[in-house]
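**Q** Have a look at this one before I ask anything.
The values are calculated or read from the model by the stated rules, or taken from the named source; none is laboratory data. Bear in mind that the values here come from a model prediction, so they are computed numbers and not experimental data. Because the Cβ atoms are built from the backbone with ideal geometry, glycine has one as well, and the counts that use them run over all protein chains shown.
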Amino acid sequence: MILFHYVRLEMLRLLRDPGYLIMTLVSPLTMYLVFTNLDLGTGKGADGAVYSMVGMAGFGAIGAVMTNGVSIAEDKPLGWIRQLRLLPLGPSQAVIGRAVCAMVAALPPIVAVCAAGGLVDGVALSPGRWVAVFLLLWLGIAPLAVLGVGFGYLLTAQKAQMAALVFYMGLSMLGGLWFPIGKMPSWLADVARITPVNRYGELSWNVAGGHAPTLVGVGVLSAWAVAFTVFSVVGYRRAAQAL
Amino acid sequence: MDAVELHGVTKSFGAVRAVDGIDLRLARGRTVALLGPNGAGKSTVISMMLGLRAPDAGTVRVLGGTPERAVRAGRIGAMPQTGRLIGGVTVRELVGFVQRAHAAVARGPVPSLDDLLGVARISDLAGRRADALSGGQAQRVRFAMAVAGSPDLIVLDEPTAALDIESRRELWAAIRTCADRGATVLFSTHYLEEADAEADRIVVVDRGRVVADGTSEEIKRRVPGRTVSVDAPTSLDADLSALPGVVSSEVDARRVRLHTTDSDATVLALAAAGAVRNLEVSGASLEEAFLSLTHAEPALVAPIQAEEAVR
């Protein structure tokens, strides 16, 4: 109940900052249309379009949840984190509440890139698969949303911005959202397979291709989710100590 | 059961001992001032009472349990010393969130949002953006957030610092309303007058220790509130530090400064002794007052840095 009230308050603040929400969808949408229409090695035809659609939607979602951490870092000098810590709201509730808001911010790029895939590039999936791809793209971003929240608690706004950019670009590329990890040297592909980003994309790629998500993939993603949650809760407690 | 119990509490930041063995018990339903100069350790003591920091040694109990438990149960309302309000929300939305958060866990009734806005004297600000208020208005909003859960213990860290007189008066009117309803109030201040006017009991801290503890009358007898200074007398046989009311004195080649608890009596005695030359009576700064109280070297620099680091 208290979590609901908290999410509602932070959502109000988020929705009153439409500039941020629009920014989150511009770059993945542009990149998706460029990638698929220039064919930069993502594979030919329909498979390539599905691959890129999931990749760029995921890329946009990661950008949104990482950038969200910056606004958390900006709350710290105001004493807002400490104010929350002095309410009956528990640390894990605070982290989850903020992560849910980050996930809402990830909706515009996911929706926009999927719409472009279906309407512009002729990605054809059954209605059931569309729903599954969309839900997995959205729910699968949760671990990274929690990570972005943790950066916000632990870092200054400037450093959170840098961390967001490094993870946004670096992990997206390493995770195979820009081009398939099959095109990487095998040692790099092995590294890619333990990143949360690759396993996040894999969920939707599998479902779009008619396969169930793999147990290993879900396991890797869950392990990262636990680690990121611990990281963020510790970060929250530290952020509340000082200003 | 007391509202707050501290036993042998210490806390250091690096080499600086911000809190140096404090024992303190606060009875329920009283209003207590934590009085001390900047860097005395007030904010550190408060942050441990709120569970924001753990003591290095000693125990902190609040309302019969750990501070964290009391916070989670919504039984402590706190107003930290610094802090501004967030943007993007109105006063009503912000205070409403805090009120609903408390209502979700409270065992007893919590005030309605309109009551709360009324008590804090911010009803007329309800529709304003929270980050566009004056200092005094923002402080009353922060107070409303502190008391939204009808807390048993209200902790206010220098609530009136940097407020003008009118804002102070309004804030204290709001605090008194809550104290009258039976809440225990602990506030820190470095104004003796404020502690004197508002508290049932004054705990004086300096350099991390309790140096005096008692009613306002008892503290005022010990803490010199005024400094009387005159040109140094030519004959040095007059011992001005023995004059009535004088707690301590400083003498240099030109001036004698007497820190006194009773400036009237001191001035009359100076006049009787024929020592009134360029008489000046001023309010003593609390730092001066504490130096005389603790008879210590003026080494306040390190603890001040420690408290700055906390912020």
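**Q** Starting from the range A:65-92, keep only residues that are within 12 Å of chain B (Cβ to nearest Cβ) and touching a residue at least 24 places away in the same chain (Cβ under 8 Å), then list their pairs with residues that are part of a helix (DSSP H, G or I) and charged (D, E, K, R) whose Cβ atoms are within a distance under 7 Å, requiring at least 6 positions of separation or different chains.
**A** Partner pairs satisfying both residue conditions: A:Ile72/A:Arg98; A:Ile81/A:Asp75; A:Pro88/B:Arg72; A:Pro91/A:Arg237.
**Q** In the range B:99-140, which residues are touching a residue at least 24 places away in the same chain (Cβ under 8 Å), within 14 Å of chain A (Cβ to nearest Cβ), hydrophobic (A, V, I, L, M, F, W, C) and more than 20 Å from A:Leu86 (Cα to Cα)?
**A** The one that is touching a residue at least 24 places away in the same chain (Cβ under 8 Å), within 14 Å of chain A (Cβ to nearest Cβ), hydrophobic (A, V, I, L, M, F, W, C) and more than 20 Å from A:Leu86 (Cα to Cα): B:Leu133.
**Q** Still on this model: Within the bounds of the range A:177-188, is there any residue that is surrounded by 24 or more Cβ atoms within 10 Å (Cβ to Cβ) and either outside any helix (DSSP H, G or I) or in contact (Cβ under 8 Å) with a residue 40 or more places away in the chain (or both)?
**A** Yes, the range A:177-188 has at least one match.
**Q** Follow-up. Can you give me the number of residues within the range B:204-260 that are in contact (Cβ under 8 Å) with a residue 40 or more places away in the chain and touching a His at 6+ places or on another chain (Cβ under 8 Å)?
**A** Of the residues in the range B:204-260, 5 are in contact (Cβ under 8 Å) with a residue 40 or more places away in the chain and touching a His at 6+ places or on another chain (Cβ under 8 Å).
**Q** Right, next: Determine if the range A:62-79 includes at least one residue that is assigned to a helix (DSSP H, G or I) and more than 19 Å from A:Tyr153 (Cβ to Cβ).
**A** Yes: one or more hits.
**Q** Can you tell me which residue is farthest from B:Gly182 (Cα to Cα) among those in the range B:219-244 that are part of a helix (DSSP H, G or I) and in contact with a strand residue (DSSP E or B) (Cβ under 8 Å, 6 or more places away or on another chain)?
**A** B:Leu240
**Q** Still on this model: Consider A:Tyr200 carefully, then state whether it is closer than 18 Å to A:Met103 by Cβ, part of a helix (DSSP H, G or I), of a type in the set (Phe, Trp, Tyr) and within 16 Å of the chain's Cα centre (by Cα).
**A** yes
**Q** A further question follows. Going through the range B:143-172 one residue at a time, which ones are surrounded by fewer than 23 Cβ atoms within 10 Å (Cβ to Cβ) and within 18 Å of B:Val91 (Cβ to Cβ)?
**A** B:Leu163, B:Ser167, B:Glu170, B:Leu171
**Q** Could you run through the range B:62-93 and say how many residues are buried (at least 24 other Cβ atoms within 10 Å of the Cβ), over 25 Å from the mean Cα position of the chain (by Cα) and either within 9 Å of another protein chain (Cβ to nearest Cβ) or touching a residue at least 60 places away in the same chain (Cβ under 8 Å) (or both)?
**A** 0
**Q** In the range B:247-272, how many are at pLDDT 85 or above, buried (at least 17 other Cβ atoms within 10 Å of the Cβ) and more than 16 Å from B:Gly283 (Cβ to Cβ)?
**A** Total satisfying the criteria: 3.
**Q** Continuing with the same structure: Scan the range B:14-26 and report the pairs whose first residue is under 19 Å from B:Arg201 (Cβ atoms) and whose second residue is of a type in the set (Ser, Thr, Tyr) and modelled with pLDDT of 95 or more, with Cβ atoms within less than 6 Å and a gap of 6+ or a chain change.
**A** No pair meets every condition.
**Q** Among the residues of the range B:224-246 satisfying the criterion of being within 12 Å of B:Val281 (Cα to Cα) and among the small types (Gly, Ala, Ser), which is modelled with the lowest pLDDT?
**A** Checking each candidate, the answer is B:Gly225.
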